[in-house]
Amino acid sequence: MVFSTIAAVSTPRGKGGVALLRVSGPDAFAVASRVFYPMDGKDFTLAPRKQIYGEIRTPDGRSVLDDGLLCAFPAPHSFTGEDVVEICCHGGEVVTASVLEALLTAGAVMAGPGEFSRRAHVNGKMSLSAAEGIADLLDAKTREAVVLSSKHARGAVSEKIAAIAEKLTAASSSLWAYLDYPEEDLQSLTDEEMTSSLSEVLGDIRALSASFRTGRAVNNGIPGVIVGKPNAGKSTFFNALLREERSIVTSIPGTTRDTVDAPLMMGRILVDLSDTAGIRRETDDVVESIGIDRSLSAITGAELIFALFDRSVPFDENDQKVIDALHGAPEGAVILPVLTKCDLPAVLDEARISLGEKPLTLSLKEGADLTELTERVEKAFVTDEDLYREGAVITNARQAACLNRAAERIESAVSSIRSGAKDLATLDLEEALATLLETDGKSAGEKILNEVFSRFCVGK
Amino acid sequence: MDQLKDVTAFQAGSCRVAVVGAGHAGVEAALASARMGVDTILFTLSLEAVGNMPCNPSIGGTGKGHLVFEIDALGGEMGRAADSVSLQSRMLNLGKGPAVHSLRQQSDRRAYHAYMKKTVENTSHLRLIQAEICRIQRSEQGFSLMTRFGATYKSNCVVVCSGTYLRADIVVGDVTLAAGPDLFYPANHLTESLEELGVSLRRFKTGTPPRIHADSIDYDLCEEQAGDADPVCFSYDTDRDAFRRKKQRKCYVVYTNEKTHEIIRANIHRSPLYAGKIKSTGPRYCPSIEDKVMRFPDKERHQLFLEPMGEDTKEIYVQGLSSSLPEDVQMEVIHSIPGLEHAQVMRTAYAIEYDCIDPLQLRPTLEFREIPGLFGAGQFNGTSGYEEAACQGLVAGINAAYRVLDQKPLVLTRESSYIGTLIDDLVTKGTNEPYRIMTSRCEYRLILRQDNADLRLLEEGYRAGLIDHERYLAKKRLEKDIEDAIQFAEATYLAPSDALSRILSNAGSQAVTTGVKTADLIRRPGVGVLMLKDVCPDLARWSDEVLSRAEIEIKYAGYIKRQLAQAALFRKLESRPIPEDICYDDIGGLRLEARQKLSRIRPENIGRASRISGVSPADISVLLIYLNLNRG
């Protein structure tokens, strides 16, 4: 069985300074030599891993499409482990497309999604978990995320999962002995003894799965929203966080009529922050009314909510409306009450703001200190600093879902053991274990493979 | 073959299938092949050894019980034989869930042998011959087999079921005897001949405990273990009422103590195992008493069972006391046990070493991959236990006959049966010790229960012609009855009533205030379908057996559905073929170990490949992608 030779554009679509095309497969050099004409007239395969300047022509050699650089990587010392050629041409869309067309005419076939990575995997160049780590790395939006995914790629999560799997295997084994050897004197084993070690494993899994909250906040960012009644100082707060004049700030209540969005780093956490229109009980202004609806719906999709209250005025019905609206926040969302205008005399009855969290007091008039605020946000999302330091933080939804499934199965096993259906418990425990291993890509299901590779776009 | 120089070979006859060895595997193989109308010869070293039980006098147990029910569903003999010679019947693991219920019967070992010998003798197309097969060679029509006295038989197929007889050595202390089980004559010549055929062999070890005289036991110091009040039988063909009326024998439990352990520790240097005299691998799950004492020093006592060997004998089998210690130490050990202080030993415990094969050489049909027509079954394949042997014998016998008849072979998959799981484990994962079935080995255990063995496998037994039409129709009816009963329970509501409240409260379940679906009540923990018969007279339309089976399907519907989904996924992977000409050395991403294992075992599909030890999920992903890339 011989693989075909594939080609694709590896840089993103659109206009750019340069574009990179990749060719991989047994005929990579032959294909490239029909398209690329080195200026020095020498055979480019004689200078592997060196940039060579030349002309790119149509395969019939008649028309010159562009000039550029070629670099040849003979097997097995290449990304895919096959013969690979990389060609740099100018980054125009049409130029790039015609160079690709020339390569395809010269005998290459268009690469399928993730096909370069698949070949790298088949040829032993990249493990599946490394592939997932690389996918995370490519998706990473912040520097902190890069640090975390590289720890991930180095196996911190794998180690954690392996340790849990070992514990689970050990905890299951007493049940197995009990069932397979009904006539040995193991029969005094109580349900309590069987379930207590399982509960411990369950705790470990829950803790790891809870780290997805952290992982996501660091890796992908979380939706955040600033809410409050009109003129509570939301836009001032927003601008202070962003350190720029993004929202228009006036003393006129209702200045912000639509939500304004901006990404923001708060310590290690990436927040996609929205400033919203002030919430008030009634308005005749149609535009403002739509803005208020948007504020309310922003709450239902937020995971971090700054609820702003003006401390210099008495608590009023609009503040109450804000508190009521916060009931619509999703479960697990972090709500931080913030008291504004604290340079003015305190008038607000703070006891009315019962949101669980202790309110922060801020004066944003001149150069406010946001350190405490940032720390509180970080603390709310980086719940386990030890796990974080180890890098044992779940960063993708697939892994989190697997862990939750494993936890469910263990819970079900515990209840089966208690109700006497020990046979069912064994099935649950086996599935829990398999799911746990699947979390780490240690299970051979094609589903995982497809999921992992579907995250790569063509040519990567 | 120097030892065979004295032999003058002569043509003695021919058959289509020759079975070598008449133990539990050989008997099933020969009966199956002959019953399929194929001319068969069953060779045995001794006519006294047909269907012999040289170790425990019992059939069944955890996982093993499942095998016997499955053998019965495929048309094998073991279930009928066990039922007819049963001394005691117990359903193990009751109260732990129906999937792990396992039937075990104490058997009269002489009667078992007599039953099997008689059955074989009375089967047409089958000849039983006492002879040691010394040589198996390829010939034009298949194989030629030569006995110790020179008689040569031609046969298309050969099933080797040599048990623990191949170059067998019995070891007691410093004494090693060239002998097979129960001191029968060993088979010393066949190994060399098999090696010449290209079979690779290795050495395993197992053992058996002492037998003592029943009248020398102090029963006052023993715990009694009686059979079930309502005993269950293995076979569909057994007369249930007669079986229930049978008087059951008792077993007894005694315990070792610190004194016993002290004796063993003081003499451990005399153990052939610990002194390094025995180097072959024994089973971990069935350790000798010296092993148990040395490996678990913290355990204060070990449990032993005293089991009757038969109705016509005073011999008592001491389960748990298997040993290869010198005889004087064995005596001391036995006499240190309360209840056995004055026990008179009738047979000394021994270890036995024997040649067997690495089953990775076999296909899932139990035919040697490289030697078409040659099959292996039983302990020869590296297993342990009568039931494990019998089910392999049955499959090998059926497949040898199918080969002669030029019909599609029988391949039982993991999700079909315990037998399928056992064979798949053997030929895919191999084994480093005598292999024993366990419920934990069967991931599909919820759908592979004892109670539905016939529904799962009868079709295959029928196809082979080992199940008659009448039983086949009865199975079809049963299947429909169970389905009807389930549908009835799912569609019928029961009104609240005093009677229903009483039933529910007796079952520890909450009373109902509105009409409730019968199936929903059955799903409640503690509630069973049979207790609802009083408030739902319509249920009497079905027999208790049908109702009980329907109850399992109703109670575990959620889990059963999940298992069926897993089984479907399994079948999908099993149906992803790997081309026969694949060159694993071409796939650089496979780790070296995986490449070697895959090249050696050459699995037919991805599912099997994924179960080979040393082939990791990462290797499978490489393989899958390789196959995918090659497809397009």
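Here B:P434 fulfils each of the conditions (1) within 14 Å of chain A (Cβ to nearest Cβ); (2) of a type outside the set (K, R); (3) under 15 Å from the mean Cα position of the chain (by Cα) apart from (1).
Could you identify the single residue in A:G301, A:G254 that is touching a Pro at 6+ places or on another chain (Cβ under 9 Å) and at pLDDT 85 or above? Let's see the steps before the verdict.
Numbers: A:G254 fails: at pLDDT 85 or above.
Only one candidate passes the filter, namely A:G301.
Against the conditions (1) open to solvent by 20 Å² or more (accessible area, probe 1.4 Å); (2) modelled with pLDDT of 95 or more, B:Q105 satisfies every one except (1).
Hey, any hits in the stretch B:453-463 for a residue that's open to solvent by 30 Å² or more (accessible area, probe 1.4 Å), away from chain A (no Cβ under 14 Å), of a type in the set (A, V, I, L, M) and under 21 Å from the mean Cα position of the chain (by Cα)? Looking through the stretch B:453-463, at least one residue is open to solvent by 30 Å² or more (accessible area, probe 1.4 Å), away from chain A (no Cβ under 14 Å), of a type in the set (A, V, I, L, M) and under 21 Å from the mean Cα position of the chain (by Cα). Looking only at the stretch B:375-424, filter to residues that are open to solvent by 10 Å² or more (accessible area, probe 1.4 Å), of a type outside the set (A, V, I, L, M, F, W, C) and in a helix (DSSP H, G or I); which one of those is farthest from B:Q361 (Cα to Cα)? So, considering only residues that are open to solvent by 10 Å² or more (accessible area, probe 1.4 Å), of a type outside the set (A, V, I, L, M, F, W, C) and in a helix (DSSP H, G or I), the one farthest from B:Q361 (Cα to Cα) is B:Y386. Checking the stated criteria, B:V232 turns out not to satisfy the condition of being under 23 Å from the mean Cα position of the chain (by Cα), among the β-branched types (V, I, T) and part of a strand (DSSP E or B).
Which condition does B:E332 not pass, out of (1) touching a residue at least 40 places away in the same chain (Cβ under 8 Å); (2) touching an Asp or Glu at 6+ places or on another chain (Cβ under 9 Å), if it passes all the others? Only one criterion in (1) touching a residue at least 40 places away in the same chain (Cβ under 8 Å); (2) touching an Asp or Glu at 6+ places or on another chain (Cβ under 9 Å) is unmet by B:E332, namely (2). For the stretch A:233-254, the set of residues classified as closer than 18 Å to A:S289 by Cβ and surrounded by 17 or more Cβ atoms within 10 Å (Cβ to Cβ) consists of A:K234, A:G254, listed by residue number. Applying a threshold of 7 Å to beta carbon distances and a minimum spacing of six or more residues, or different chains, the list of pairs starting in the stretch A:160-181 at a residue that is free of Cβ contacts under 8 Å to residues at least 40 places away in the same chain and ending at one that is open to solvent by 10 Å² or more (accessible area, probe 1.4 Å) and not in a helix (DSSP H, G or I) reads A:S174/A:L189; A:A177/A:L186; A:D180/B:M438. Residue count for the stretch A:401-431 satisfying the condition of being modelled with pLDDT under 90 and more than 11 Å from chain B (Cβ to nearest Cβ): 2.
Just checking, how many residues over the stretch B:155-201 are open to solvent by less than 50 Å² (accessible area, probe 1.4 Å) and either within 26 Å of B:S14 (Cα to Cα) or within 27 Å of the chain's Cα centre (by Cα) (or both)? Spell out the reasoning first.
Taking the stretch B:155-201 and keeping what is open to solvent by less than 50 Å² (accessible area, probe 1.4 Å), we get B:155-166, B:168-173, B:179-182, B:184, B:186-187, B:189-191, B:193-194, B:197, B:199, B:201.
Subset that is either within 26 Å of B:S14 (Cα to Cα) or within 27 Å of the chain's Cα centre (by Cα) (or both): B:155-166, B:168-171, B:179-182, B:184, B:186-187, B:189-191, B:193-194, B:197, B:199, B:201.
Total satisfying the criteria: 31.
Does at least one position in the stretch A:333-345 carry a residue that is in contact (Cβ under 8 Å) with a residue 12 or more places away in the chain, under 14 Å from A:L241 (Cα atoms) and open to solvent by less than 70 Å² (accessible area, probe 1.4 Å)? Steps first, please.
Step one: filter the stretch A:333-345 for residues in contact (Cβ under 8 Å) with a residue 12 or more places away in the chain, giving A:333-345.
So of that shortlist, the ones also under 14 Å from A:L241 (Cα atoms) come out as A:338, A:340.
Next, from what is left, pick out any that are open to solvent by less than 70 Å² (accessible area, probe 1.4 Å): A:338, A:340.
Yes, the conditions are met somewhere in the stretch A:333-345.
Within the stretch B:602-627, the set of residues being of a type in the set (K, R) and either at the interface with chain A (Cβ under 8 Å from one of its Cβ atoms) or crowded, with 21+ Cβ neighbours inside 10 Å (or both) comprises B:R608 only.
Against the conditions (1) among the small types (G, A, S); (2) surrounded by fewer than 24 Cβ atoms within 10 Å (Cβ to Cβ); (3) closer than 30 Å to B:E553 by Cα, B:G150 satisfies every one except (3). Among the residues of the stretch B:114-126, none qualifies, meaning not one is aliphatic (A, V, I, L, M), in a loop (DSSP other than H, G, I, E, B) and touching a Gly at 6+ places or on another chain (Cβ under 9 Å). Would the stretch B:506-514 turn up any residue that is more than 14 Å from every other protein chain (Cβ to nearest Cβ), open to solvent by 40 Å² or more (accessible area, probe 1.4 Å) and not polar (S, T, N, Q)? Yes - at least one qualifying residue is present in the stretch B:506-514.
Results for (1) among the β-branched types (V, I, T); (2) in a helix (DSSP H, G or I); (3) open to solvent by 10 Å² or more (accessible area, probe 1.4 Å); (4) within 14 Å of chain A (Cβ to nearest Cβ), shown as yes or no for each residue.
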{"residue": "B:C55", "(1), (2), (3), (4)": "no, no, yes, no"}
{"residue": "B:T62", "(1), (2), (3), (4)": "yes, no, no, yes"}
{"residue": "B:I71", "(1), (2), (3), (4)": "yes, yes, no, no"}
{"residue": "B:G75", "(1), (2), (3), (4)": "no, no, no, no"}
{"residue": "B:A82", "(1), (2), (3), (4)": "no, yes, no, no"}
{"residue": "B:K96", "(1), (2), (3), (4)": "no, no, yes, yes"}
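Each residue in the stretch A:432-450 was checked for being at pLDDT below 60 and hydroxyl-bearing (S, T, Y), and 1 of them qualify.
Of all residue pairs spaced 6 or more apart or on separate chains, those with beta-carbon atoms under 7 Å, a first member in the stretch B:547-570 that is within 11 Å of chain A (Cβ to nearest Cβ) and more than 21 Å from B:R477 (Cα to Cα) and a second member that is in a helix (DSSP H, G or I) and open to solvent by 50 Å² or more (accessible area, probe 1.4 Å) are B:K555/B:R523; B:I560/B:E553.
Screening A:F315, A:F309 for residues that are open to solvent by less than 60 Å² (accessible area, probe 1.4 Å), touching a residue at least 60 places away in the same chain (Cβ under 8 Å), of a type in the set (A, V, I, L, M, F, W, C) and out of contact with any Phe, Trp or Tyr (no Cβ under 6 Å at 6 or more places or on another chain) leaves exactly one candidate, A:F309.
If the requirement is being touching a helix residue (DSSP H, G or I) at 6+ places or on another chain (Cβ under 9 Å) and surrounded by fewer than 18 Cβ atoms within 10 Å (Cβ to Cβ), which of these qualifies: A:K15, A:K42? Only one candidate qualifies: A:K15. Among the residues making up the stretch A:356-391, those that are modelled with pLDDT of 80 or more, not in a helix (DSSP H, G or I) and not hydroxyl-bearing (S, T, Y) are A:K358, A:P359, A:L360, A:L362, A:L370, A:V382, A:D384.
Among the residues of the stretch B:275-311, those that are within 27 Å of B:A168 (Cβ to Cβ) and of a type in the set (D, E, K, R) comprise B:K277, B:K279, B:R284, B:E290, B:D291, B:K292, B:R295, B:E307. Yes or no: A:S211 closer than 26 Å to A:I394 by Cβ, of a type outside the set (F, W, Y) and assigned to a helix (DSSP H, G or I)? Answer is yes for this residue.
Confirm whether B:G227 is small (G, A, S) and surrounded by fewer than 22 Cβ atoms within 10 Å (Cβ to Cβ). Yes, satisfied.
Might you let me know whether the stretch B:528-540 holds any residue that is within 14 Å of another protein chain (Cβ to nearest Cβ), within 23 Å of B:P496 (Cα to Cα) and either modelled with pLDDT under 90 or surrounded by fewer than 20 Cβ atoms within 10 Å (Cβ to Cβ) (or both)? Reasoning before the result, please.
We begin by selecting, within the stretch B:528-540, every residue within 14 Å of another protein chain (Cβ to nearest Cβ); these are B:528.
Going one step further and asking which of them are within 23 Å of B:P496 (Cα to Cα), we end up with B:528.
Narrowing further to those that are either modelled with pLDDT under 90 or surrounded by fewer than 20 Cβ atoms within 10 Å (Cβ to Cβ) (or both): B:528.
Yes - at least one qualifying residue is present in the stretch B:528-540.
The criterion of at least 3 residues that are modelled with pLDDT of 90 or more, within 14 Å of chain B (Cβ to nearest Cβ) and closer than 28 Å to B:L627 by Cα is met by none of the strands (runs of 3 or more DSSP E) falling completely within the stretch A:1-110. Mind counting the residues in the stretch A:61-109 that are under 13 Å from A:V35 (Cα atoms), β-branched (V, I, T) and surrounded by fewer than 21 Cβ atoms within 10 Å (Cβ to Cβ)? Adding up the residues that qualify gives 2.
The values are calculated or read from the model by the stated rules, or taken from the named source; none is laboratory data. Note that the structure is predicted; figures quoted are calculated from it, not measured. Glycine gets a Cβ as well: all are built from the backbone with ideal geometry, and neighbour counts include every protein chain shown. Side chains included, ligands, DNA and RNA excluded: accessible areas come from the protein's heavy atoms. Shrake-Rupley method; radii C 1.70, N 1.55, O 1.52, S 1.80 Å.
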